[in-house]
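The values are calculated or read from the model by the stated rules, or taken from the named source; none is laboratory data. These numbers come from a predicted model, not from an experiment. Neighbour counts are summed over all protein chains in view; Cβ atoms, including those assigned to glycine, are modelled from backbone coordinates with ideal geometry.
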Amino acid sequence: MNQGWIVKLAVAGAALELFCGAFAYWRGGLMAGVAALIGASVATGAQVAAVALLRPAMQASGATFQQRWVIGMAIRFGSFLVIAVLLFALRATLPPIWVATGYLVTLLALLFGETSFLHDDAKP
């Protein structure tokens with residue numbers, strides 16, 4: 001079984017993290033860059049976990065696929081709760097708008113590209 005998809009997903013996530021952190025640093029300074037990087041990292045972790053859970057069930061029965069999909073959505077919701085806790089706990093240190101921006105930009109971009117990581121790599 002080819003595991004190259006996880007490397008591609010991790011690289012895509014890391015590139016988005018770098019972009020978010022650099023843009024926030026450019027627009028808002030060091031703490032904005034750190035905040036965006038934290039938000040983007042949480043999003044990347046959630047998306048990698050969700051795709052890793054769903055991908056083996058792509059050819060499984062409908063019930064198995066649906067169960068894995070729901071758990072993946074729960075992982076993403078859990079990452080949202082982590083961001084909410086971080087926003088509350090670090091509100092005096094990190095700019096909340098940059099934490100949220102890094103999270104949303106990264107999660108949405110990876111969600112829109114998710115199908116490319118769910119395909120079967122064994123195409124002729």
Worksheet item: Under the condition of being outside any loop (DSSP other than H, G, I, E, B), farther than 20 Å from Ile6 by Cβ and of a type in the set (Gly, Ala, Ser), which residue from segment 36-69 is modelled with the lowest pLDDT?
Response: Gly62
Practice prompt. Under 8 Å between Cβ atoms, at least 6 apart or on separate chains: pull out the pairs that start in segment 45-66 with a residue that is closer than 12 Å to Leu111 by Cα and end on any residue that is among the acidic types (Asp, Glu).
Written response: Gln47/Glu114; Val51/Glu114
Discussion item. Looking at (1) surrounded by fewer than 16 Cβ atoms within 10 Å (Cβ to Cβ); (2) closer than 16 Å to Leu104 by Cβ; (3) small (Gly, Ala, Ser), which one does Gly39 not meet, given that it meets all the others?
Written reply: (1)
Practice prompt. Could you please give the count of residues in segment 1-26 that are over 24 Å from Ile75 (Cα atoms) and at pLDDT 95 or above?
Written response: 5
Item to complete: State yes or no: is Thr106 touching an Asp or Glu at 6+ places or on another chain (Cβ under 9 Å), assigned to a helix (DSSP H, G or I) and not acidic (Asp, Glu)?
Response: yes
